[in-house]
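Since the structure comes first, as C-alpha coordinates, the remarks are kept for the end.
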Amino acid sequence: PHAYVLDVEKKQLVRLQVDANTGRLAVAGRESAGKAPAGLAIGAQGEALFVLDADSQGVARYSINGTSGELTEFKQSTPIQTGKGPADIVVDYNSQFMYVSNSIDNTLSVFWIDTKELVEVPRTRLFEASPYPMEPAPGQVLIHPSGRYSYILSTETGKVFVNMFYEDGPLNIP
(Lines give C-alpha, C1' and ligand atoms only; values in the text may rest on other atoms or scores of the structure.)
Protein backbone atom coordinates (compact mmCIF):
# COMPACT_ATOMS: atom_id res chain seq x y z
CA PRO A 1 0.00 0.00 0.00
CA HIS A 2 0.92 3.64 -0.47
CA ALA A 3 0.26 6.94 1.26
CA TYR A 4 0.66 10.48 -0.01
CA VAL A 5 1.56 13.69 1.81
CA LEU A 6 2.42 17.23 0.83
CA ASP A 7 5.80 18.70 1.67
CA VAL A 8 4.60 22.30 1.60
CA GLU A 9 8.05 23.77 2.24
CA LYS A 10 9.60 21.94 -0.73
CA LYS A 11 6.38 22.24 -2.78
CA GLN A 12 6.34 18.51 -3.43
CA LEU A 13 3.92 15.64 -3.37
CA VAL A 14 5.57 12.73 -1.54
CA ARG A 15 4.63 9.11 -2.27
CA LEU A 16 5.24 6.78 0.66
CA GLN A 17 5.50 2.99 0.59
CA VAL A 18 3.70 1.46 3.57
CA ASP A 19 5.15 -1.79 4.94
CA ALA A 20 2.07 -4.03 5.34
CA ASN A 21 3.63 -5.91 8.30
CA THR A 22 5.06 -3.07 10.36
CA GLY A 23 3.29 0.02 9.12
CA ARG A 24 6.64 1.72 8.55
CA LEU A 25 6.84 4.35 5.86
CA ALA A 26 9.57 4.81 3.26
CA VAL A 27 9.75 7.55 0.65
CA ALA A 28 9.02 5.97 -2.73
CA GLY A 29 8.94 9.11 -4.86
CA ARG A 30 8.54 12.88 -5.02
CA GLU A 31 7.13 15.22 -7.61
CA SER A 32 6.30 18.88 -7.98
CA ALA A 33 3.02 19.94 -6.37
CA GLY A 34 2.65 23.45 -7.80
CA LYS A 35 3.73 26.81 -6.38
CA ALA A 36 1.66 26.74 -3.17
CA PRO A 37 0.25 23.27 -2.41
CA ALA A 38 -2.58 23.69 0.09
CA GLY A 39 -4.20 20.27 0.37
CA LEU A 40 -4.82 16.90 -1.18
CA ALA A 41 -7.70 14.47 -1.44
CA ILE A 42 -7.87 10.87 -2.61
CA GLY A 43 -10.86 9.31 -4.36
CA ALA A 44 -12.89 6.81 -2.34
CA GLN A 45 -11.57 3.82 -4.29
CA GLY A 46 -7.96 5.05 -4.22
CA GLU A 47 -8.06 5.59 -7.97
CA ALA A 48 -7.34 9.32 -8.10
CA LEU A 49 -5.51 12.00 -6.17
CA PHE A 50 -6.26 15.73 -6.29
CA VAL A 51 -3.79 18.45 -5.24
CA LEU A 52 -5.01 21.94 -4.40
CA ASP A 53 -2.69 24.83 -5.36
CA ALA A 54 -3.46 28.10 -3.56
CA ASP A 55 -1.22 30.15 -5.88
CA SER A 56 -2.91 29.16 -9.14
CA GLN A 57 -6.29 28.69 -7.43
CA GLY A 58 -6.48 25.39 -9.23
CA VAL A 59 -6.50 21.63 -8.78
CA ALA A 60 -4.17 19.06 -10.34
CA ARG A 61 -5.65 15.59 -10.87
CA TYR A 62 -3.63 12.36 -10.91
CA SER A 63 -4.52 8.74 -11.54
CA ILE A 64 -2.97 6.29 -9.06
CA ASN A 65 -1.41 3.04 -10.26
CA GLY A 66 -2.99 0.46 -7.95
CA THR A 67 0.15 -1.70 -7.83
CA SER A 68 3.09 0.71 -7.74
CA GLY A 69 1.32 3.77 -6.33
CA GLU A 70 2.90 5.88 -9.07
CA LEU A 71 0.99 8.94 -10.17
CA THR A 72 0.13 10.05 -13.69
CA GLU A 73 -1.12 13.59 -14.14
CA PHE A 74 -4.52 13.73 -15.79
CA LYS A 75 -4.52 16.49 -18.38
CA GLN A 76 -7.73 18.51 -18.54
CA SER A 77 -8.84 20.31 -21.69
CA THR A 78 -9.53 23.34 -19.44
CA PRO A 79 -7.76 24.09 -16.15
CA ILE A 80 -9.62 23.23 -12.95
CA GLN A 81 -10.15 26.62 -11.29
CA THR A 82 -11.42 27.15 -7.76
CA GLY A 83 -12.57 30.33 -6.07
CA LYS A 84 -10.19 32.79 -4.40
CA GLY A 85 -8.17 31.54 -1.45
CA PRO A 86 -8.69 27.77 -1.75
CA ALA A 87 -8.35 26.39 1.76
CA ASP A 88 -9.46 22.74 1.80
CA ILE A 89 -10.29 19.96 -0.63
CA VAL A 90 -12.32 16.79 -0.11
CA VAL A 91 -13.85 14.07 -2.31
CA ASP A 92 -17.18 12.48 -1.39
CA TYR A 93 -17.50 8.81 -0.46
CA ASN A 94 -18.67 7.80 -3.95
CA SER A 95 -15.95 9.76 -5.78
CA GLN A 96 -18.71 11.64 -7.62
CA PHE A 97 -18.00 15.14 -6.35
CA MET A 98 -14.99 17.15 -5.22
CA TYR A 99 -15.48 20.11 -2.86
CA VAL A 100 -13.10 23.06 -2.35
CA SER A 101 -13.64 25.74 0.30
CA ASN A 102 -12.47 29.21 -0.77
CA SER A 103 -11.62 31.45 2.17
CA ILE A 104 -11.15 34.80 0.40
CA ASP A 105 -14.37 34.92 -1.64
CA ASN A 106 -16.32 32.89 0.98
CA THR A 107 -17.53 30.20 -1.39
CA LEU A 108 -17.62 26.44 -1.84
CA SER A 109 -16.67 25.17 -5.31
CA VAL A 110 -18.22 21.83 -6.26
CA PHE A 111 -17.00 19.72 -9.18
CA TRP A 112 -18.39 16.60 -10.82
CA ILE A 113 -15.72 13.93 -11.11
CA ASP A 114 -15.90 12.29 -14.49
CA THR A 115 -13.50 9.82 -16.08
CA LYS A 116 -12.70 12.43 -18.74
CA GLU A 117 -12.95 15.83 -17.04
CA LEU A 118 -13.60 17.59 -13.76
CA VAL A 119 -16.52 19.90 -14.38
CA GLU A 120 -17.70 22.65 -12.06
CA VAL A 121 -21.34 22.01 -11.25
CA PRO A 122 -23.45 24.15 -13.60
CA ARG A 123 -26.97 25.32 -12.92
CA THR A 124 -29.36 22.45 -13.58
CA ARG A 125 -32.72 21.33 -12.34
CA LEU A 126 -30.94 19.72 -9.40
CA PHE A 127 -28.27 22.30 -8.53
CA GLU A 128 -27.61 26.01 -8.57
CA ALA A 129 -24.32 26.81 -10.25
CA SER A 130 -21.10 26.40 -8.29
CA PRO A 131 -19.44 28.16 -6.47
CA TYR A 132 -21.91 28.45 -3.62
CA PRO A 133 -21.81 31.37 -1.16
CA MET A 134 -20.66 30.41 2.34
CA GLU A 135 -20.14 32.00 5.73
CA PRO A 136 -16.97 34.10 6.31
CA ALA A 137 -13.62 32.36 5.82
CA PRO A 138 -14.70 28.78 5.10
CA GLY A 139 -11.95 26.33 5.97
CA GLN A 140 -12.12 22.60 6.62
CA VAL A 141 -14.84 20.70 4.74
CA LEU A 142 -16.37 17.37 5.73
CA ILE A 143 -18.94 15.53 3.63
CA HIS A 144 -21.66 13.29 5.05
CA PRO A 145 -21.48 9.72 3.65
CA SER A 146 -24.79 10.29 1.82
CA GLY A 147 -23.26 13.26 -0.04
CA ARG A 148 -26.32 15.38 0.84
CA TYR A 149 -24.67 17.45 3.57
CA SER A 150 -21.45 19.40 3.88
CA TYR A 151 -20.03 20.60 7.18
CA ILE A 152 -17.78 23.62 6.85
CA LEU A 153 -15.74 25.25 9.60
CA SER A 154 -15.56 29.04 9.48
CA THR A 155 -12.01 29.94 10.50
CA GLU A 156 -13.24 33.46 11.28
CA THR A 157 -16.10 32.61 13.64
CA GLY A 158 -15.12 29.09 14.74
CA LYS A 159 -18.64 27.87 13.92
CA VAL A 160 -19.47 24.83 11.83
CA PHE A 161 -22.08 25.40 9.15
CA VAL A 162 -24.22 22.68 7.63
CA ASN A 163 -25.28 22.83 4.01
CA MET A 164 -27.85 20.47 2.57
CA PHE A 165 -27.88 19.85 -1.16
CA TYR A 166 -31.39 19.48 -2.53
CA GLU A 167 -33.12 20.03 -5.86
CA ASP A 168 -32.89 23.85 -5.84
CA GLY A 169 -29.25 23.97 -4.73
CA PRO A 170 -27.60 24.19 -1.35
CA LEU A 171 -29.57 25.27 1.69
CA ASN A 172 -27.53 26.81 4.51
CA ILE A 173 -28.73 25.49 7.86
CA PRO A 174 -27.49 27.73 10.71
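Tabulated values for the structure
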| quantity | calculated |
| --- | --- |
| Surface accessible to a 1.4 Å probe, per residue, for the residues of segment 1-118, Å² | 52 Å² |
| Percent carbon-and-sulfur accessible area, segment 55-110, ignoring ligands, DNA and RNA, probe 1.4 Å | 45 percent |
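The values are calculated or read from the model by the stated rules, or taken from the named source; none is laboratory data. Remember, predicted model here, so these are calculated numbers, not experimental data. Heavy atoms of the whole protein, side chains included, go into the accessibility calculation; ligands, DNA and RNA do not. Shrake-Rupley method; radii C 1.70, N 1.55, O 1.52, S 1.80 Å.
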